[in-house]
Every structure is written in structure tokens, then in C-alpha cells.
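Colleague: Handing you a structure now.
The values are calculated or read from the model by the stated rules, or taken from the named source; none is laboratory data. Since this is a predicted model, take the numbers as computed values, not measurements. All Cβ positions, even for glycine, are placed from backbone atoms using ideal geometry, and neighbour counts span all protein chains on display. Surface accessibility is based on the protein's heavy atoms, side chains included, excluding ligands, DNA and RNA. Shrake-Rupley method; radii C 1.70, N 1.55, O 1.52, S 1.80 Å.
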Amino acid sequence: MTYKLNDFLIDGIKAKILAKKYSTPLYCYSLKKIKENIKNFQKSFKSIDPLVCFAVKANPNKIILRQMGKLGLGADVVSIGELMRALKAGIKPNKIVFSGVGKTSHELIYAIKKNILLINAESKSEILEIERIAKKEKKKVKVGVRLNPNTDAKTLIQISTGKKENKFGIPEKDLLHVVKYIKNSKYLDLKCLSVHIGSQILDHTPYEKMLKVVRRIINKTKFKFEYIDLGGGMGIDYENKNRRLNLNKYSKSIKKILIKNKSKIIFEPGRSIIGNSGFLISKIIYIKEGHKKDFIILDAAMNDLMRPALYNANHRIIPANKNKKKTKRTYEFVGPICESTDKFSTLKGFQKLKEKDLILICDVGAYGMSLSSNYNLRPKSTELLINKSKIQVINKRQRLKDLI
Ligand SMILES: *Cc1c(COP(=O)(O)O)cnc(C)c1O
């Protein structure tokens, strides 16, 4: 993923060729990068030998999931839809964990019938519901309990999940009671203690705090959990400033803090596996001169990539074709949607752009397409996977005809 003679290439293929052939806006992922991320992840945690369950919500594309499965990953799902998709993509039930605060009876029945590895429950009520279904099905169901460790992940408030004011998990004060209840149940098989404190975490200190709470809980319950599921949340380098979570450091903390524990570690990474593998290629429709800045009006909008509007997230923008002319104007990259939050970035000193030029929005592999919508009745875009310089269409652009 680099420039060659001023053209940006994704795994050897020019972005402008992709745009011409498949039209824009266009999602494009590099399989090579995904593989590299998985390798790097596994290498960092090698001494722990974890089960890595890809968080499907980050990118639920069927063909991508199939690749994840082939590369040995399991899946972390948060709905029956994701569970069905993961199974359809060939991921084995014994590598699937089910998270979420509001699993319905319908979803639980399906998960129980499929014998997945773990249902990580997030409340006493959910435990009672699982027990009721298990009894009816005459089964002993493997469950985990998700702890709310009351740990601040120091990330965006919208994607922080481990504080006591968040809806997720069971607070420490109630957890012991729930554990005791499960231990005494004929129909429940307590297997796992799980946590997940949030997303896009860049500093390893929140993880260290979380691990200490986990250790305290293990000591208090005196229960030998077969699995400790530490969730996901590992942050990536959106700014290209070499700011990402240091996985090696995190791995060392796990070894240090959970040293006496013989439990199998589970991770549920989403963003860190696929985030930096994806680009959104977009064409400039118009350039409109504003008061102190120029509006670069793209054919991609907040319905295609929601993170900037939803979290104020900033994704790097780069030209598909480099030139040496720098502009003195400030550029505001916006989409065509009727909302003022439909903007991606405001940049100074960008190269001079003209109408019909192509740009790429970077690091959109996670929570890009999966958060997209049909707002303003805009069709969802095509998704491509580049596999060793071969282009694979892994999702066709929605047809207007079908939407209308
Ligand atoms: C969203 C989520 C993840 C994945 O988070 P990333 O930041 O993408 O790694 C993992 N586990 C649970 C329970 C989640 O809700």
C-alpha cells in the first residue's frame, strides 16, 4: 500500500483503476494486510497461546469471515445474525463466543442448539433465561459471566464499556452471587470470566488495571475458570504517528498478573485485525469555494462511513494521484448528505485538488461498512478484496432498483 510514480497502489493495483472499473464510493481491503495483522497479533501473544475470536461486528463480510476462519480465528458475535453469518462462513461452533447485554430468548435458543463455545452472560436475568432454556432442551449449557471491572479505558466515551455507569457486564459486588448461583445449577456449566472495557485503547495501563480486577475476582470466587476472555479493544494508528497499543507490553502484563492462572485466554479483537486493511475510494463531485475554506464535496458520505459523524473520528485522507502543487486554501472534505455532521476532515496544506480527482479515506476496514446505512436512500457501496493482486468482488453495490 504505497505510491508508485505518483499513483497509489493497493497490493500492486492502482486505486484509480479500481475506481474506474467498479465506480465510487468503493470499499477496498487488502488480504495481505489482514494476514499480516493476524500474524502480528499471534506473535505478540505467542507465549499465552490464546484463542482469537474475531469481533464480527467490526466487519461481517462473509468472504472476509471465511478467510478469518481459514486463518484459524474464531468469532465473537453479538446477535443471531452475526452468529448465523459466522457459522455460514465455516467458523466452527466451538470457536464462537456470544456477547451482548440483550440477547433475546430466540437468540439464546439458537445459540444453545448450535452448541457454541460460550454464551457470555451480562446479567442475572440473562443467566435465569439461559437456565430456563437449557432445562427445556435438557442440556447443560456452557456460560461465561461478563464482569464490569469499573475500569476507565481512556478512550472515546461512546466506545467505553468498562465503567460502572456503562450498561455492560455484571458489577463486582453482584458477580460472586451470580457465580455461586451458576455453580449450583444443574443446567449451567460455568466456564469463563469475561471482560471488555472498550475500543480503540492506545495505552496499556487501563488493561493492566482491568487485569488486576480480574485477578481479584478469580481469587475471591476461588473458581477455576477454564477460560478468561479479555475482550478486544486494541487501538490502531489512525493518525499515522506510530500511536497504537503495544501488544507485547499487554502480553507481558497478562503473564505477570495472571501468572498463577492456568486458564485459556480468549481475545475478541476486531479493529486491530482489520482496521488498517481497508480504504474507501471516493471521487470529488464538486469543489465549492467557501468563506475561509473550500468544500471538497465527495461522492462518499456519512452513510458510507459513519465514524466521523458518530464519534468525531478522524481518518487520514490521501490523494489517489500525487502532485507537487500544495494549496494555500483549507480543504473541508464533506459528503453530499443533508447534515452538517456529514464531513470527514478539515485539512491545511493538502495538494491542490480538482473536480473528478480521486481520494482515499484510510483505515476504514473496521466499523466502516458495518456501520453504513441507506440514509438519504443511498445504496451501499461495492466491497473489494485484493488477494495477491487478484480483485475479488465480495459485496456488490446495492441497486437503486432494489432500494426503491
Ligand atoms: C466491540 C467488541 C469487541 C471488539 O472491539 P475492538 O475494539 O474492535 O477490538 C470485542 N468484544 C466485545 C464484547 C465487543 O462488544
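Colleague: Checking Gly169 against (1) more than 16 Å from the ligand (Cβ to nearest atom); (2) buried (at least 18 other Cβ atoms within 10 Å of the Cβ); (3) at positive phi, only one condition comes out false. Which one?
Modeller: (1)
Colleague: Right, another one. Filter segment 1-47 down to the residues that are under 24 Å from Ile266 (Cα atoms), open to solvent by 30 Å² or more (accessible area, probe 1.4 Å) and in a loop (DSSP other than H, G, I, E, B) and list them by number.
Modeller: Once the filter is applied, which keeps residues that are under 24 Å from Ile266 (Cα atoms), open to solvent by 30 Å² or more (accessible area, probe 1.4 Å) and in a loop (DSSP other than H, G, I, E, B), segment 1-47 yields Lys46, Ser47.
Colleague: A further question follows. Which of the helices (runs of 4 or more DSSP H) contained wholly in segment 182-278 include at least 3 residues that are within 12 Å of the ligand (Cβ to nearest atom), under 28 Å from Met68 (Cβ atoms) and in contact with a strand residue (DSSP E or B) (Cβ under 8 Å, 6 or more places away or on another chain)?
Modeller: So the answer is 271-274.
Colleague: Continuing with the same structure: Here is a list: Ile116, Ile133, Ile127, Ile112. Which entry is open to solvent by less than 20 Å² (accessible area, probe 1.4 Å) and either closer than 19 Å to Gln200 by Cα or in a loop (DSSP other than H, G, I, E, B) (or both)? Before the answer, list the steps.
Modeller: Details: Ile133 fails: either closer than 19 Å to Gln200 by Cα or in a loop (DSSP other than H, G, I, E, B) (or both); Ile127 fails: either closer than 19 Å to Gln200 by Cα or in a loop (DSSP other than H, G, I, E, B) (or both); Ile112 fails: either closer than 19 Å to Gln200 by Cα or in a loop (DSSP other than H, G, I, E, B) (or both).
The unique qualifying residue is Ile116.
Colleague: In segment 48-94, how many residues are open to solvent by 50 Å² or more (accessible area, probe 1.4 Å) and within 13 Å of the chain's Cα centre (by Cα)?
Modeller: Looking only at that region, the number is 2.
Colleague: Cβ contacts < 6 Å: first residue in the same structural domain as Leu258 (by TED's automatic domain parsing) and touching a residue at least 12 places away in the same chain (Cβ under 8 Å), restricted to segment 185-199; second residue among the charged types (D, E, K, R) and within 12 Å of the ligand (Cβ to nearest atom), any location; separation 6+ or different chain. Result?
Modeller: Listed by first residue and then by second, the contacts come to Cys192/Asp229; Ser194/Arg146; Ser194/Asp229.
Colleague: What is the residue count in segment 279-300 for residues that are of a type outside the set (Val, Ile, Thr) and either part of a strand (DSSP E or B) or in the same structural domain as Lys57 (by TED's automatic domain parsing) (or both)?
Modeller: Residues in segment 279-300 being of a type outside the set (Val, Ile, Thr) and either part of a strand (DSSP E or B) or in the same structural domain as Lys57 (by TED's automatic domain parsing) (or both): 11 in total.
Colleague: Mind listing whichever residues of segment 95-104 are open to solvent by 10 Å² or more (accessible area, probe 1.4 Å) and more than 14 Å from Phe267 (Cβ to Cβ)?
Modeller: Gly100, Val101, Gly102, Lys103, Thr104
Colleague: Filter segment 346-376 down to residues that are in contact with a Pro (Cβ under 7 Å, 6 or more places away or on another chain) and open to solvent by less than 10 Å² (accessible area, probe 1.4 Å), then give me how many there are.
Modeller: Count: 1.
Colleague: Go through segment 236-249 and count every residue that is open to solvent by less than 10 Å² (accessible area, probe 1.4 Å) and at pLDDT 95 or above.
Modeller: The qualifying residues number 0.
Colleague: Okay, moving on. With Lys328, Lys324 as the choices, which residue is assigned by TED's automatic domain parsing to the domain that holds Ala301, away from the ligand (no atom under 16 Å from the Cβ) and either open to solvent by less than 30 Å² (accessible area, probe 1.4 Å) or under 23 Å from Thr2 (Cβ atoms) (or both)?
Modeller: The match here is Lys324.
Colleague: Moving to a separate point now. Restricting segment 377-391 to residues that are more than 22 Å from the chain's Cα centre (by Cα) and assigned to a strand (DSSP E or B), which is surrounded by the fewest Cβ atoms within 10 Å (Cβ to Cβ)?
Modeller: Lys390
Colleague: Among the numbered conditions (1) among the acidic types (Asp, Glu); (2) modelled with pLDDT of 95 or more; (3) part of a loop (DSSP other than H, G, I, E, B), tell me where Glu339 comes up short.
Modeller: The number of the failed condition is (2).
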